[in-house]
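A.B. asks: Starting off with a structure, shown below.
The values are calculated or read from the model by the stated rules, or taken from the named source; none is laboratory data. Keep in mind that this is a model prediction, so the values were computed, not measured. Backbone-built Cβ (ideal geometry, glycine too); neighbour counts: all protein chains shown. To get the accessible areas, we keep the full protein, side chains included, count just its heavy atoms, and leave off ligands, DNA and RNA. Shrake-Rupley method; radii C 1.70, N 1.55, O 1.52, S 1.80 Å.
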Amino acid sequence: MAWCEQHAVDYVFGFARNQRLRRKIAKEMRQAKKEQQRTGEPARVFTEFFYQTRKTWSRSRRVVAKLNKSRQGESALRVTSLPLAAWPTRELYEQLYCARGEMENRIKEQLSLFSDRMSTESLRSNQLRLYFSSLAYVLVEALRRVGLAETEWAEYQVETIRLRLLKIAAQVRITARKIWIRYAKAYPWKRAFVSAWTALRC
């Protein structure tokens, strides 16, 4: 956080609870519990305050708290450099911070290709592998967006598309005039394959 502030980089970080913080959010936690008991539905209450640790922080910082009374959990804290005027409490949590979940899904899809292992000694070779993985992701995403549009496959993850639609067994026979590719009759996703093939043909 100190580095970000020194370099004019705004941030929103998850923040672990401690006894002092639990005392600060106790009132809102009780409010969420009462609302949950009244309606029988999960209750969500937002609050914020400025907080400074006793030893490790050099300054007080804005903390946004979401008090959630449900089976999924009770509370979550985020510390941020963003001002209230730009990002009100609820919007900062729901619209800005939670949006990272979709970004993380895209990172996970990269890992399902071949960017999960970058263990060579050279930074350049690791970087090249990541470039190839990124390019592969762009191509599969284009297949998903164009070739599989308006099908249930448009929502499938990259790994599923790669394994079911691209990584399939075929017999290749080369003659003087043609290259023959024969797929197994038992292939279970013929309809999706034909749909993508038709959509992508120029």
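A.B. asks: Principal axis lengths of the range 115-169 from Cα atoms, whole Å, largest first?
C.D. replies: So the extents along the principal axes, rounded to whole Å, are 43, 22, 16.
A.B. asks: Which of these, E109, E48, E35, has the largest mean-square fluctuation under a Gaussian network model of the chain (Cα springs below 10 Å)?
C.D. replies: Result: E35 has the largest fluctuation of those listed.
A.B. asks: Could you run the Karplus curve 6.51 cos²θ - 1.76 cosθ + 1.60 with θ = phi - 60° over the range 44-57 and give me ³J(HN,Hα) per residue in whole Hz, x for Gly and Pro?
C.D. replies: Going residue by residue, I get 9, 10, 10, 8, 8, 6, 9, 9, 9, 5, 6, 10, 8, 9 Hz, with x marking Gly and Pro.
A.B. asks: Which residues' amide hydrogens lie under 5 Å from the amide hydrogen of L148, considering only partners 5 or more residues apart or on another chain, with H built in the peptide plane?
C.D. replies: Hits under the 5 Å cutoff: none.
A.B. asks: Checking the cross-link filter: which lysines have an alpha carbon closer than 22 Å to that of K24, excluding same-chain neighbours under 8 positions apart?
C.D. replies: K33, K34, K55, K66, K69
A.B. asks: Which part of the range 4-18 falls in the paramagnetic zone of T56, meaning amide N under 13 Å from the point 7 Å along Cα-to-beta-carbon?
C.D. replies: Backbone N within reach: 14-18.
A.B. asks: Shifting gears a bit: With the calculation restricted to Cα positions, what are the radius of gyration and Dmax of the range 147-191 in angstrom?
C.D. replies: 13.6, 41
A.B. asks: OK, next. With Cβ to Cβ distances under 9 Å as the rule, what net charge do the other residues near V63 carry (K, R +1; D, E -1)?
C.D. replies: Result for the neighbourhood of V63: +3.
A.B. asks: Taking a ≥ b ≥ c as the square roots of the eigenvalues of the Cα gyration tensor of the range 88-202, is the shape rounded (a/c under 1.5), prolate (a/b larger than b/c) or oblate?
C.D. replies: Oblate.
A.B. asks: Once you order the gyration tensor axes a ≥ b ≥ c over the Cα atoms, which shape class does the range 1-159 get: rounded for a/c under 1.5, otherwise prolate or oblate by comparing a/b with b/c?
C.D. replies: Oblate.
A.B. asks: Under 10 Å, Cα contacts only: if you run a Gaussian network model on the chain, which one of V172, V79, V45 comes out with the highest mean-square fluctuation?
C.D. replies: V172
A.B. asks: Going by a ≥ b ≥ c, the root eigenvalues of the Cα gyration tensor, does the range 1-91 fall in the rounded group (a/c under 1.5), the prolate group (a/b larger than b/c) or the oblate group? Please report the intermediate quantities before stating the final value.
C.D. replies: Working: a/c = 2.74, a/b = 1.89, b/c = 1.45.
In terms of gyration-tensor shape, prolate.
A.B. asks: Hey, in the GNM for the chain with a 10 angstrom Cα cutoff, which one of A176, A16, A65 fluctuates hardest?
C.D. replies: Of A176, A16, A65, the Gaussian network model singles out A176 as fluctuating most.
A.B. asks: For V138, V64, what's the largest-to-smallest order of accessible area, 1.4 Å probe?
C.D. replies: Descending accessible area places them as V138, V64.
A.B. asks: Kindly write out, for the range 85-90 in residue order, the coupling ³J(HN,Hα) from the Karplus curve 6.51 cos²θ - 1.76 cosθ + 1.60 (θ = phi - 60°), rounded to whole Hz, with x marking Gly and Pro.
C.D. replies: 4, 7, 9, x, 3, 5
A.B. asks: So between A16 and K185, what do we pick up on full extension, going 0.36 nm a residue minus the alpha carbon distance?
C.D. replies: Stretched out fully, the A16 to K185 stretch lengthens by 55.3 nm.
A.B. asks: Whole-Hz ³J(HN,Hα) for each residue in the range 135-144, computed from phi via Karplus 6.51 cos²θ - 1.76 cosθ + 1.60 with θ = phi - 60°, x for glycine and proline: what do you get?
C.D. replies: 5, 4, 4, 4, 5, 5, 5, 5, 4, 5
A.B. asks: Projected onto the charge dipole of the range 47-179 (+1 at Lys/Arg Cβ, -1 at Asp/Glu Cβ, origin at the Cα centre), which of N68, T47, L82 gives the Cα projection farthest towards the positive end?
C.D. replies: After comparing all options, I get L82.
A.B. asks: Also, I was wondering about something else. What does a probe at F49 reach in the range 1-36, counting residues whose amide N is under 14 Å from the point 7 Å along Cα→Cβ?
C.D. replies: 17-31
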